[in-house]
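To keep things clear, I will list the structure first and then write my remarks on it.
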Amino acid sequence: MHILPGIVLFLCLTLIPWTAARAQGQRAALVIGNAKYETAVGPLRNAGNDASAVAKALRRLGFAVTEVHNVTRDKLMAAVMEFRGKAKAAEVALFYFAGHGIQVGGSNYLMPVKSGYDPAGVEEASMRLLAETRLFNAEQAVAEMSASGARCSLVILDACRSTPVARNPRRRDASGTAGLTEMKPPAGSLIAFATDAGHTANDGEGTNGLYTGELIRNLCTPGLTIEQVFKRTRAGVLKLSNGAQIPAEYSRLIGDDIYLAGRLPPPAPAPPLALENPPGPDVSRSSEPAGQAGAPSRSTPGLPEITKMAAAGEAVQCVAALQRMAASQGPGDFAAAPLEALLEQVKESLKGATEATPEVGTARDTCALVLDGLHDCLPPDHVKMPLLTAKAQNRLGDCLLLLDRAEEALTAYQAAQALAPEDAYILYNRGRAHLALGQTEEAKSDFTAAAEGKFKQPGAKKLALEALARLK
């Protein structure tokens, strides 16, 4: 199954400084990744990767993160109890669990490693007792979060995963019904599930699970409220899974909106359009009220003006105008050409660049704006959506490498490669990011793949072969 890899920490760094997130108030998170389950339960390939990726993203957003992996029941309970103290009176407290989860008797349980949980032969009346003594009731995590006094409590369960390794996938649900069940959050809380009640979440074939990859991208996107983060995550997972996986949230958040990655700056006002035939002096004496048939004091830019903005590299004005147009008439094909033109401007500005410069920073910001514009202004099923998104992420990776931010560059290239697996240049670029991080074997793998004859991009093949030669 195609997957959007550990995406996409790259947006954490675009537009909003790291210190801005911290300035909003104390934030605390407990992140748990359980992957090394016993064979009878079914090990998970990506749960550990997901927990690490989420923890990294949250740290960039100003969270004090406690990250633990492959915990037993006792260690899981101890971590939750300790976290309650750390989350005391926080602005945002967040609990994230990646691993196996099941429902028993109408309650959700998170599965520790080495739990010894085996419902075979257990009577229905004793099933709940077995779960309570061997597993971890998710309600306890919710209760501890609520008791901490945090203004906003988030519980995210990327659990109940399908895995081909599991001997019997239904063993993740002793009640005989796949998936977790709905949970009612207390006031000031939101509970998010990687998939809808009664269904399983895909563990993924790439670096990350489907849900967490989308979650990270939206967590780190400036200008999104908490509710919008999960709404966009659901839309992304629904699209990438072809409707097979639908995340769900149950929210009772209260108070003002919280922007985890900060607010976007207001768009720059568009300049008034010059009229080709200015009105004569008598128009100023018209009895018509302002804003009617008389000469307007200001006009919304039309597509020709937006196209000119894109050609001039005026990214902020261009994207803001496209967003206003999309807000009034809905997303449409009109956004494709201007956004593509902005990406061409980025490509030109990066030619010959070998170090961090103000121009590279501007190119990085343009890529982030284009990604926002694609999301807001182009229909999700538009034929150019995957290609333009991959281009934007690939260009963003180029900027990040020049800015000496190789980890974020790697995640950007991973996102691009997932959307355009036939592009050898992206593979080559991802190899460069691996190399910058000292991951030589991963770099060799990408360079070797980029040099394969199946790609019809001789330029990328040449670059990849040269890189391999330097590694010998």
Here the residues within the stretch 176-220 that are modelled with pLDDT of 80 or more, not hydroxyl-bearing (Ser, Thr, Tyr) and not in a loop (DSSP other than H, G, I, E, B) are LEU190, ILE191, ALA192, PHE193, LEU210, GLY213, GLU214, LEU215, ILE216, ARG217, ASN218, LEU219
Checking ARG73, ARG59 in turn, the sole residue that is at pLDDT 90 or above, over 26 Å from TYR250 (Cβ atoms), of a type in the set (Lys, Arg) and surrounded by fewer than 20 Cβ atoms within 10 Å (Cβ to Cβ) turns out to be ARG59
In the set ALA450, ALA353, ALA406, ALA416, the lone residue that is over 23 Å from GLY209 (Cβ atoms) and in contact with an Asp or Glu (Cβ under 8 Å, 6 or more places away or on another chain) is ALA353
| said: Quick check on the stretch 90-106. Is at least one of its residues touching a Leu at 6+ places or on another chain (Cβ under 9 Å) and surrounded by fewer than 20 Cβ atoms within 10 Å (Cβ to Cβ)? | reply: no
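Taking the stated definitions as given, is VAL31 over 20 Å from CYS367 (Cβ atoms) and at pLDDT 90 or above?
yes
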Checking ALA392, ALA363, ALA356 in turn, the sole residue that is surrounded by fewer than 23 Cβ atoms within 10 Å (Cβ to Cβ) and of a type in the set (Gly, Ala, Ser) turns out to be ALA356
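Identify the residue in the stretch 230-248 that is over 20 Å from VAL155 (Cα atoms) and of a type outside the set (S, T, N, Q) and, among all such residues, is surrounded by the fewest Cβ atoms within 10 Å (Cβ to Cβ).
Step one: filter the stretch 230-248 for residues over 20 Å from VAL155 (Cα atoms), giving 238-244.
Imposing the further condition that a residue be of a type outside the set (S, T, N, Q) reduces the set to 238-240, 243-244.
Details: LEU238: 16, LYS239: 14, LEU240: 21, GLY243: 9, ALA244: 14.
So, considering only residues that are over 20 Å from VAL155 (Cα atoms) and of a type outside the set (S, T, N, Q), the one surrounded by the fewest Cβ atoms within 10 Å (Cβ to Cβ) is GLY243.
Of the residues PRO458, PRO421, only one is at pLDDT 90 or above and either out of contact with any Pro (no Cβ under 9 Å at 6 or more places or on another chain) or surrounded by 15 or more Cβ atoms within 10 Å (Cβ to Cβ) (or both); which? Give the derivation first.
Numbers: PRO421 fails: at pLDDT 90 or above.
Step by step, each of PRO458, PRO421 is checked, and only PRO458 is at pLDDT 90 or above and either out of contact with any Pro (no Cβ under 9 Å at 6 or more places or on another chain) or surrounded by 15 or more Cβ atoms within 10 Å (Cβ to Cβ) (or both).
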Of the candidates ILE216, ILE226, ILE258, ILE254, the one satisfying the condition of being of a type in the set (A, V, I, L, M, F, W, C) and surrounded by fewer than 15 Cβ atoms within 10 Å (Cβ to Cβ) is ILE254
In the stretch 303-320, anything part of a helix (DSSP H, G or I) and either surrounded by fewer than 19 Cβ atoms within 10 Å (Cβ to Cβ) or not hydrophobic (A, V, I, L, M, F, W, C) (or both) is listed as LEU303, PRO304, GLU305, THR307, LYS308, ALA311, VAL316, GLN317
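Condition test on GLU452, is it closer than 14 Å to LEU410 by Cα and among the acidic types (Asp, Glu)? Please lay out each step first, then the result.
On the way: closer than 14 Å to LEU410 by Cα: no; among the acidic types (Asp, Glu): yes.
So GLU452 does not fit the description; no.
Would you point out which residue out of GLY101, GLY85, GLY48 is touching a His at 6+ places or on another chain (Cβ under 6 Å) and modelled with pLDDT of 85 or more? It would help to see each step written out before you state the result.
Working: GLY101 fails: touching a His at 6+ places or on another chain (Cβ under 6 Å); GLY85 fails: touching a His at 6+ places or on another chain (Cβ under 6 Å).
Only one candidate qualifies: GLY48.
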Taking the stretch 337-349 and keeping residues in contact with a Lys or Arg (Cβ under 7 Å, 6 or more places away or on another chain) and surrounded by 18 or more Cβ atoms within 10 Å (Cβ to Cβ) leaves LEU343, VAL346
Can you confirm whether the stretch 167-175 contains a residue that is hydrophobic (A, V, I, L, M, F, W, C), in the same structural domain as MET81 (by TED's automatic domain parsing) and either within 23 Å of the chain's Cα centre (by Cα) or modelled with pLDDT of 85 or more (or both)? no
PRO380 fails exactly one of (1) more than 17 Å from ALA418 (Cα to Cα); (2) at pLDDT below 90, namely (1)
Checked pairs for the stretch 101-112, first free of Cβ contacts under 8 Å to residues at least 40 places away in the same chain, second small (Gly, Ala, Ser), C-beta under 6 Å and 6 or more apart or across chains, list as TYR109/ALA131
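Quick one: is ALA79 surrounded by fewer than 24 Cβ atoms within 10 Å (Cβ to Cβ), under 25 Å from ARG45 (Cβ atoms) and modelled with pLDDT of 90 or more?
Numbers: surrounded by fewer than 24 Cβ atoms within 10 Å (Cβ to Cβ): yes; under 25 Å from ARG45 (Cβ atoms): yes; modelled with pLDDT of 90 or more: yes.
When the stated conditions are applied, ALA79 passes them.
The values are calculated or read from the model by the stated rules, or taken from the named source; none is laboratory data. Quick caveat, the model's predicted, so the values are computed rather than measured. Positions of Cβ are backbone-derived with ideal geometry, glycine not excepted, and every protein chain shown enters the neighbour counts.
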